[in-house]
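For reference, the structure is listed below as structure tokens.
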Amino acid sequence: MAALRLYQVEHGAYPDSLEALVPECLPSVPQDPFGGKPLKYRREGNSYVLYSIGADLKDGGGVGGEYEGDLRGRDLVFRPE
């Protein structure tokens, strides 16, 4: 999230993909600790959704749990404030 914010400050908008952060903001695209593939990311207007597929290993499209920190079978979702 810090790299995304840095990119946004320097470029005036969030990137279209996490690959745009390499190598300027990050040495490589962060890997999802669940599933071993890159974290999922998509821009949504002037914002974004960054997420991990979570412990159920299913891509729920960035739908989080019922409350912040809910790890029960949902994606782990990060959004800027």
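The values are calculated or read from the model by the stated rules, or taken from the named source; none is laboratory data. Keep in mind that this is a model prediction, so the values were computed, not measured. Glycine also receives a Cβ, built like all others from the backbone with ideal geometry; neighbour counts cover every protein chain displayed. Ligands, DNA and RNA are excluded from the accessible area calculation, which covers all protein heavy atoms including side chains. Shrake-Rupley method; radii C 1.70, N 1.55, O 1.52, S 1.80 Å.
The table that follows gives values for the structure above.
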read-out: Region 1-30: number of residues that are charged (D, E, K, R) and surrounded by fewer than 12 Cβ atoms within 10 Å (Cβ to Cβ); value: 2
read-out: Every residue from region 41-63 that is outside any loop (DSSP other than H, G, I, E, B) and either among the β-branched types (Val, Ile, Thr) or open to solvent by less than 50 Å² (accessible area, probe 1.4 Å) (or both); value: Tyr41, Ser47, Tyr48, Val49, Leu50, Tyr51, Ser52
read-out: Filtered residues of region 31-40 (kept if open to solvent by 40 Å² or more (accessible area, probe 1.4 Å) and within 16 Å of Pro80 (Cβ to Cβ)); value: Lys40
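Here's the yes/no breakdown for (1) modelled with pLDDT of 95 or more; (2) under 13 Å from the mean Cα position of the chain (by Cα):
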| site | (1), (2) |
| --- | --- |
| Gln8 | yes, no |
| Ala13 | yes, no |
| Ser17 | yes, yes |
| Leu39 | yes, yes |
| Arg43 | yes, yes |
| Gly54 | no, yes |
| Leu57 | no, no |
| Gly61 | no, yes |
